[in-house]
1. According to a simple spin-label model (label point 7 Å from Cα along Cα-to-Cβ), what is the distance in nm between Thr43 and Ile14?
2. Percent of Cα-Cα pairs per 10 Å bin, from 0 to the last occupied bin, for segment 4-55, please list those.
3. Which whole-number percentage describes the relative contact order of segment 4-55, with Cα contacts under 8 Å and a sequence gap of 6 or more?
4. Which order do peptides 16-29, 41-54 fall in by mean Cβ count within 10 Å, highest first?
Amino acid sequence: MGTSEFKRLAGEIIKARKNGWTTLSKDVIRLQARKALESGAITQEEYDRLIEMLDEVSAPPPPGSANVSKNKQGY
C-alpha cells in the first residue's frame with residue numbers, strides 16, 4: 001500500500017477528522033476513493049482501507065482543541 005493517490009486520500013480523511021466530520025465530507029471522500037479505484041489509481045486493498053478509515057467511529061477532538069491544549073502548556 002502506499003500509492004500517491006492513496007496517501008492523498010488518507011490525508012483528506014485525517015484533515016476531515018481534525019476539522020470535524022460531516023456526512024458531506026465523508027461522502028465526498030468516498031466518491032473520490034471510488035473514482036480512484038475505478039481508474040486504477042488505487043488498489044482494492046487500498047480502497048478497503050480508506051473505507052475502514054471513514055467508518056471508524058472514533059470521535060475526533062473538537063475543532064480548535066489542539067490550540068487550547070498548547071495554550072494551557074504555555075506555548
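1. Spacing of the two 7 Å Cα→Cβ label points: 2.1 nm.
2. 28, 60, 12
3. 48
4. Peptide ranking by packing, descending: 41-54, 16-29.
Values in this text are rule-based calculations from the coordinates and carry no lab data. Keep in mind that this is a model prediction, so the values were computed, not measured. Cβ atoms come from the backbone with ideal geometry, glycine included; neighbour counts cover every protein chain shown.
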